[in-house]
Amino acid sequence: MPLSHKTCAPEAAPQLSPLEVTSLLCRAQLLQRAALDGSTPRLLRGKNLGLLCEMPADEAQALFRSAAEEMGAHVAVMRPGLSLASAQQEVQNTARMLGRLYEAVECQGLDPELVQRIGQYAGIPVFDGAATKAHPTGHLAELLGDRTPLADNRRFVLQALLLDAIA
């Protein structure tokens with residue numbers, strides 16, 4: 001199963017396979033070159049992404065939104081109103097609704113087990129903190145070199161992940 005269809009919890013993040021690393025880095029380098037040329041492709045135009053978060057706006061939320069919106073996606077930010085104590089049926093219904101409304105969902109600040117349950121029923125890629133520094137993709141930004149600032153490199157890697165998952 002490709003990384004884009006896994007739920008990846010920052011605190012229990014799986015290691016990326018060499019193939020996943022190579023794929024993400026190649027795509028991120030292409031996006032980096034395009035940005036340096038002033039021609040960021042809008043490959044996510046018309047795509048709808050959800051951002052579920054229980055915490056106030058922070059750097060990771062801003063990174064996810066800017067990465068997706070720069071490529072043409074629409075991002076809806078919402079509080080899920082779910083917890084581990086939520087009834088299984090409520091989680092299933094919410095996940096299925098998310099799957100009908102969005103092409104992918106990023107979860108931030110939710111319990112990893114809850115994110116896994118959402119991912120199980122949503123039928124779309126569900127990420128757990130993909131835009132956080134602790135996510136396995138956060139370390140790939142350093143491998144893109146210093147042609148662009150590290151913050152931009154993080155955005156390119158996140159965009160590569162999104163493209164791998166939904167484009």
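Could you tell me which numbered condition Ile118 fails, if it satisfies all but one of (1) over 14 Å from the mean Cα position of the chain (by Cα); (2) surrounded by fewer than 21 Cβ atoms within 10 Å (Cβ to Cβ); (3) of a type in the set (Val, Ile, Thr)? Of (1) over 14 Å from the mean Cα position of the chain (by Cα); (2) surrounded by fewer than 21 Cβ atoms within 10 Å (Cβ to Cβ); (3) of a type in the set (Val, Ile, Thr), only one is false for Ile118: (2). What about Leu84, is it open to solvent by 60 Å² or more (accessible area, probe 1.4 Å) and closer than 30 Å to Arg42 by Cα? It is false that Leu84 is open to solvent by 60 Å² or more (accessible area, probe 1.4 Å) and closer than 30 Å to Arg42 by Cα. With respect to the stated conditions, Arg65 is without any contact (Cβ under 8 Å) to a residue 24 or more places away in the chain, part of a helix (DSSP H, G or I) and open to solvent by 10 Å² or more (accessible area, probe 1.4 Å). Looking across the stretch 68-85, the residues that are in a strand (DSSP E or B) and not β-branched (Val, Ile, Thr) come down to His74, Ala76, Met78. Restricting the stretch 121-137 to residues that are crowded, with 22+ Cβ neighbours inside 10 Å and among the small types (Gly, Ala, Ser), the residue that is nearest to the chain's Cα centre (by Cα) is Ala130.
Answer yes or no as to whether Glu20 is open to solvent by less than 40 Å² (accessible area, probe 1.4 Å), over 19 Å from Ala67 (Cα atoms) and at pLDDT below 90. Yes. Only residues that are part of a helix (DSSP H, G or I) and open to solvent by less than 70 Å² (accessible area, probe 1.4 Å) were counted across the stretch 27-46, and they come to 6. Only a single item in (1) touching a helix residue (DSSP H, G or I) at 6+ places or on another chain (Cβ under 9 Å); (2) more than 20 Å from Asn48 (Cβ to Cβ); (3) polar (S, T, N, Q) is not met by Gln116, and it is number (1). Taking the criterion of being open to solvent by 60 Å² or more (accessible area, probe 1.4 Å), among the hydrophobic types (A, V, I, L, M, F, W, C) and not in a loop (DSSP other than H, G, I, E, B), the residues of the stretch 138-167 that qualify are Leu143, Leu150, Ala151.
The values are calculated or read from the model by the stated rules, or taken from the named source; none is laboratory data. Keep in mind it's a predicted model, so treat the numbers as computed, not measured. With ideal geometry, Cβ positions are generated from the backbone for all residues, glycine too; neighbour counts draw on all protein chains shown. The protein model used for the area step is the full one, side chains on, heavy atoms only, and it has no ligands, DNA or RNA in it. Shrake-Rupley method; radii C 1.70, N 1.55, O 1.52, S 1.80 Å.
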